[in-house]
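Chemist: Below are the structure tokens for one structure; questions will follow.
The values are calculated or read from the model by the stated rules, or taken from the named source; none is laboratory data. Given the structure is predicted, the values throughout are model-derived calculations rather than measurements. In this analysis, Cβ positions are derived from the backbone assuming ideal geometry, glycine residues included, and neighbour counts consider all displayed protein chains. All accessible areas refer to the heavy atoms of the entire protein, side chains included, with ligands and DNA or RNA removed. Shrake-Rupley method; radii C 1.70, N 1.55, O 1.52, S 1.80 Å.
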Amino acid sequence: MAIEEEVPPPKPPSSPSSIDGSSQRKTKPGTKRLFLTLSVLLSFLSGIPFLLKSTEIHRSPLPFAGAISSRQNLSFPCRFHAVFLPSSSSSFSPPQALARSLLQSTSSSSTCSSVTISVTVDSPGGCESTEDGIWKCGARNGIEFSGDVDDDAVDELLDLRIGAAARIYTVVVAVKEEEVRVVVGKHRHAWIVGRVSEEAAVEMVSEIFAKMFMRGGREENKEEEDFMPVGLDGNLVLSLSLLNAGPNDWVYDWEMQKVEKLILAPVVEALAPIANIRTESQVLYHTPKSSISSWDDNLSSYVFSTRDLPFFVNSNEWHLDTSVAVTGRSKVLQFVVYVPSVDECPLLLRLPNGDTSKTNGFISPMWGGVVVWNPPNCSRNSLLTQLTRNMISPEEMQKIFQVFVGQLRLLFGFKSDYSHVVGGRKFNFLPSVRGFTEWELDVLYRHHACSNLISCTSTLESLSKLVQSLPRMIVKDEIGKQVKLSLEAASLAQNNASLGEYDASAASSRKARTLAEDAFFHPSVMSISYSSIEHYFAIYMPFFAPVSLHVLLAAIKEIKRYKKEKAKYLSFVAGQTIAS
């Protein structure tokens, strides 16, 4: 039996590029594969700058360094001048000694950080002064300070003699044989008339300087409070509403155009540097109050007490917030004239001491005020006539809006009346047709400028922290422009403050705060698309990482292969050289 011999399979022919196995090759390796692989890799790498440019976030440069200086170097210089007019039987110390005494007893304030006091002693025997040009020596002969002379005439004469352009607060002490009387004018002047010694005169003058002209009659612990009922954007709307609680009994209307022109226009003009004030008016019907009044036989009227004030405003029936001019950051002050129905007329407000209110009104801080106005014919007999629309008389309108002006003064932190006691002495104040005297407006301007600049700096610092915490946050050129203009307005407010231009400083500070608030609340700042750099990579990595990784690994593998094949070729060339 024949045994078949197993024949091994034939070996494949050797590659022309190899000689002794796979360790050598006699042809130079090609670069086409390497070139194609590297071209694909370079195309991916060249697309990275375009990707970064297409996803670049525009960030306008913001000059936040200037915001820090806005909080510093804010100085309001306050110049005071005291004029002593001694009688022939009295004498005062030299003006230098009086100035030192007044400076020691007059402490500085946050709104009067730089205090300068000058003194003039104009006696019958001569005249001395620490500063020339303020009080003309011998001017005492042209001004009569006796009680028989009208105080308004004295105030106007002092304003004419001293002048208002210099913004100097002046107190004149006229020694006379009569009862001591202290009057604070509606400009920047005050005078003390009567039997007063030098020590008492210095004390009263420093009291007027510190408590009146510097603080506006406020308590020291309340001076730093932000009492400005003004919106963040510098706008203020005075909403005036006439409420007819029972229109079935009687209906009253008013002529607002005359009132706005005669009473409200001067007030709006005086407060213009503080806020952009607009007025609106409306007449509502069927608006009963929420609280319950009771009949008082002694007063023959219905009464409601101060305990009922939180429940007086009926938010369900009083549709007061109907202003179309108010934006989100504006402020609205409501002033309401409440006309009661016949079932609760007349309606009076009883004070805690048992007396009835002279104004028959009250205020709610940061909301507004209410005045209860009882019609002249407040009885059921008036209902027998035919129901017609009645107009509130001009005299009654003037009384009502005088109360509103007093309530507005309270909302801004001042006294509602023009006479109160300070330090045991009664100060008589001359009223102004604008509702605020010049020295009261100065206090408002200074405080408003300080409050606005602090708020502006705080807002810009918050914006700076927000921008730095979000590297991917879009900062438009409009925001950068608003920040720049805000800092320029803040710097202008500081310059005006150093020059004593209180109204200009308040107006500039209001503009600075408004621009800072506009920059912080810009719609692009409130976007929800801002994310961290990790979130940025998490979005694009799923699209580019898989392909990029394969291309990179292919390029590395091809480079290794090319190096290996080239080494084989070089080995072959070296062997051929040795064999020859």
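Chemist: Bin all alpha-carbon pair distances of region 235-412 at 10 Å intervals from 0 and give each bin's fraction as a whole percent.
Modeler: 9, 37, 36, 15, 2, 0
Chemist: With a sphere of radius 12 Å drawn around the Cβ of Cys78, what net charge do the other residues whose Cβ falls strictly inside it have (Lys, Arg +1; Asp, Glu -1)?
Modeler: It works out to a net charge of +4.
Chemist: Another question, then. On a full-extension model of 0.36 nm per residue, what is the gain between Ser43 and Asn353, subtracting their alpha-carbon distance, rounded to one decimal in nm?
Modeler: 102.6 nm
Chemist: Given the alpha-carbon gyration tensor of region 77-212, what are the semi-axes of its equivalent ellipsoid in whole angstrom, ordered largest first, with each equal to the square root of 5 times an eigenvalue?
Modeler: The equivalent ellipsoid of region 77-212 has semi-axes of 21, 17, 15 Å.
Chemist: Probe radius 1.4 Å, ligands and nucleic acids ignored: give me the carbon and sulfur share of the accessible area of region 77-212 as a rounded percent.
Modeler: 46 percent
Chemist: Also: Could you tell me what percent of the accessible area of region 235-412 is made up of carbon and sulfur, with a 1.4 Å probe and every protein chain present?
Modeler: Ligands and nucleic acids excluded, carbon and sulfur reach 51 percent.
Chemist: Provide the packing ranking of 247-260, 509-522, 440-453, 361-374, i.e. peptides ordered by the mean count of other C-beta atoms within 10 Å per residue, highest first.
Modeler: Peptide ranking by packing, descending: 440-453, 509-522, 361-374, 247-260.
Chemist: Let me ask something else. If R0 is 56 Å, what FRET efficiency do you get for Ile539 and Arg33 from their C-beta distance, rounded to 0.05?
Modeler: Working from the Cβ atoms, E equals 0.95.
Chemist: Right, something else. With a probe of 1.4 Å, find how much accessible area region 77-212 has per residue, and write the answer as a whole number in Å².
Modeler: 42 Å²
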